[in-house]
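Notes for the one structure printed next.
The values are calculated or read from the model by the stated rules, or taken from the named source; none is laboratory data. These figures come from a predicted structure and were not determined experimentally. All Cβ positions, even for glycine, are placed from backbone atoms using ideal geometry, and neighbour counts span all protein chains on display. Only protein heavy atoms, including side chains, enter the accessible area calculation; ligands, DNA and RNA are left aside. Shrake-Rupley method; radii C 1.70, N 1.55, O 1.52, S 1.80 Å.
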Amino acid sequence: QVMLVESGGGLVQAGGSLRLSCAASGRTVTSLGMGWFRQAPGEERIFVSAITSSADMTYYADSVKGRFTISRDNSKNTVYLQMNSLEPEDTAVYYCAAQRGPISFWDTRYDYWGQGTQVTVSS
């Protein structure tokens, strides 16, 4: 019903920036809450950030507050994650997700998931 494709991952130096994109197809995401999660090797998939369907509210994990910014362009059916001041601890596979709601944005029970994009931060 909804396909999500992440892009923009790669290798960056500590302190650098990277912007991830999540393009949706199949259905419009204008009525869906969107989130970003990440999973480091040997660790659980955890919440990173989320944005409401109308982009009136955003949410961030404590570990990325002040460094990451989530945004969306519903006309392009795309959500973004701007990552600044990257640290090696940010290294993970980043996943885009969409939910019909109503669940907490940090809940992993989203309805749709992308394949993930690798982000590696070197020290």
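Just a few scattered comments:
- Residue in region 3-24 that is out of contact with any strand residue (DSSP E or B) (no Cβ under 6 Å at 6 or more places or on another chain) and modelled with pLDDT under 95 present: no
- Checking each residue in region 33-56 for being at pLDDT 95 or above and either of a type in the set (D, E, K, R) or over 18 Å from Tyr95 (Cα atoms) (or both) picks out Arg38, Glu43, Glu44, Arg45.
- Per the conditions (1) touching a residue at least 24 places away in the same chain (Cβ under 8 Å); (2) surrounded by fewer than 19 Cβ atoms within 10 Å (Cβ to Cβ); (3) assigned to a strand (DSSP E or B), the sole criterion not satisfied by Glu89 is (3).
- Matching residues, region 63-80, being assigned to a loop (DSSP other than H, G, I, E, B) and among the polar types (S, T, N, Q): Ser63, Asn74, Ser75, Asn77
- With respect to the conditions (1) open to solvent by less than 60 Å² (accessible area, probe 1.4 Å); (2) of a type outside the set (Lys, Arg); (3) without any contact (Cβ under 8 Å) to a residue 60 or more places away in the chain; (4) closer than 19 Å to Glu44 by Cβ, Asp73 falls short on a single one, namely (4).
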